[in-house]
1. Take peptides 16-27, 66-77 and line them up by average Cβ neighbours within 10 Å, highest first, as a rough protection proxy.
2. Specify which residue in the list His37, Thr133, Gln427 is farthest towards the positive end of the charge dipole of the chain, using unit charges on the beta carbon of Lys, Arg (+1) and Asp, Glu (-1), about the Cα centre.
3. Just flag the GluC sites (Glu not before Pro) in segment 129-204 sitting in loop per DSSP whose Cβ has no more than 15 other Cβ atoms within 10 Å.
4. Modelling each spin label as a point 7 Å along the Cα-to-Cβ direction, I'd like the Val184/Asp311 distance in nm, to one decimal.
5. Which FRET efficiency value, to the nearest 0.05, do you get for Asn43 and Lys256 by plugging their Cβ-Cβ distance into 1/(1 + (r/R0)^6) with R0 = 51 Å?
6. Would you please give the FRET efficiency between Asp442 and Lys271, computed as 1/(1 + (r/R0)^6) with r the Cβ-Cβ distance and R0 = 41 Å, to the nearest 0.05?
7. Rounded to the nearest whole Å², what accessible area per residue is found for the chain with the 1.4 Å probe?
8. Rounded to the nearest 0.05, what FRET efficiency is calculated for Thr458 and Asn483 with R0 set to 25 Å and r the Cβ-Cβ distance?
Amino acid sequence: GQLPTWLQGILLRNGPGMHTIGDSKYNHWFDGMALLHSFTFKNGEVYYRSKYLRSDTYNCNIEANRIVVSEFGTMAYPDPCKNIFAKAFSYLSHTIPEFTDNCLINIMKAGDDFYATGETNFIRKINPQTLETLEKVDYNKYVAVNLATSHPHYDSAGNVLNMGTSIVDKGKTKYLLFKIPSSVPEQEKKKSCFKHLEVVCSVPSRSLLHPSYYHSFGLTENYIIFIEQPFRLDILKMATAYIRGVSWASCLAFSKDDKTWFHFIDRKTKKEVSTKFYTDAMVFFHHVNAYEEDGHIVFDIIAYTDNSLYDMFYLKNLSKDFEENVKLTSIPTCKRFVVPLQCDKDAVVDSNLVTLPSAATAVKEKDGSIYCQPEILCEGIELPRINYNYNGKKYKYVFATEVQWSPVPTKIAKFNTQTKEMLHWGQDDCWPSEPVFVPRPDAKEEDDGVVLTCVVKTDPKDPPFLLVLDAKTFTELGRATVNVEMHMDLHGMFIAQQDVKAE
């Protein structure tokens, strides 16, 4: 096929790539050593490269020729030859564990630089052209967080907004929203933008010892949306996981009879909206988009009724009979919540306060809290992406992978949130990754651009390829076949040519 001449830049992807080191094996697919790969588009041609992230974790494991650094689903133990006293001492010092810097989930841009990110307090700077691993950044030096999301947001000025959980402060567990500026003052050019990191606001955890797990958060023009779900980390269990010889993943629990609480933080005043909004118990990982309309906040997420998704990816389940054996007990559902911020104080109890035309409801309860029920937009999509120029604004299109009852995608989809129409791309034995939308320069319409996805074939003898689709019609423009073994990855970003520093 032919690639559009305007498509110039780098598609950078990240995900787990190595699951066996020496005789030791990870328990979970999300634990594997991070493998970066990139497709560089230059004058109608595509160049591919891949490289393991040379994290401290990677280096320690390779040197020991076994897994010595714990990951979320795999507890590892340091040198077994040390004497018993040294062992007891290392157990005690693991209360808040020293986390891994195996940043395998996403790529983040901060200032002019790019970082591989996971969900711990460490991120690793990388060179997007050579995929070399550069310095390690510890968020904890600049803000008191032990965990942080790998789905930050970027405002119009290019500042990074992200959220993290602070467990350390004398049992005052809280969620912090922080901002990394896109540039530093001229006289401090040598300093990193992290030195100017600021905490925007904090939300106390409803339970001090059981903070909510979250993978992303939402943003509108004036508000931050944080969802506190009843899928929680047990800090006491986590502190003793090392001694008990269990993984940190076993310290996560879903309470199906609990509520899910919505927090809305005003970006200007940095104060939380005082009305209490909640919905039924759910588990979710990805926000799609959010916007404001006539005194309401409208936000779309992909939600599940249980936490079976994480369990699917234990390597013992990913056997050759995977497609027969592994069935989700809850299908991912794209839900739209409509939350009225300007509530009439005198509204009647049990009345629906949503005044927008929508099937979503927000019902006032006796105690003044508001119970929200979503509109179901569609089912069976995950890893949602949008035209990021529409982030926080009213929008139409979601690009996503399509999953049915199995967690591995077989197609990619374009979903119109207004008409509910869906376009698909799929071929036999093809497993596509998260689709990334790249807008055409000077595009006037939301879907004017291309969608990029890496496709792995079922048969290892069939080479994988990068697929380029016309985002409007979902027709194939071209594919670049790569004669290497490629892995399913998680997330990534497209870096336009002008944003890549000339090295």
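The values are calculated or read from the model by the stated rules, or taken from the named source; none is laboratory data. Nothing here was measured: the structure is a model prediction, and the numbers come from that model. Glycine also receives a Cβ, built like all others from the backbone with ideal geometry; neighbour counts cover every protein chain displayed. The protein model used for the area step is the full one, side chains on, heavy atoms only, and it has no ligands, DNA or RNA in it. Shrake-Rupley method; radii C 1.70, N 1.55, O 1.52, S 1.80 Å.
1. Details: 16-27: 16.8, 66-77: 20.7.
Packing proxy ranking, top to bottom: 66-77, 16-27.
2. Checking the options against the dipole of the chain, the answer is Thr133.
3. Working: sites: Glu132, Glu135, Glu186, Glu188, Glu198; in loops: Glu132.
Taking segment 129-204 and a limit of 15 other Cβ atoms within 10 Å, the loop GluC sites (Glu not before Pro) found are Glu132.
4. The two pseudo-label positions are separated by 4.7 nm.
5. Values: r = 54 Å, r/R0 = 1.06.
The formula returns an efficiency of 0.40 here.
6. Numbers: r = 39 Å, r/R0 = 0.96.
Rounded to the nearest 0.05, the efficiency is 0.55.
7. Values: 22400 Å² over 503 residues.
So the chain comes to 45 Å² accessible per residue, rounded to a whole number.
8. Numbers: r = 17 Å, r/R0 = 0.69.
Efficiency, from the Cβ-Cβ distance: 0.90.
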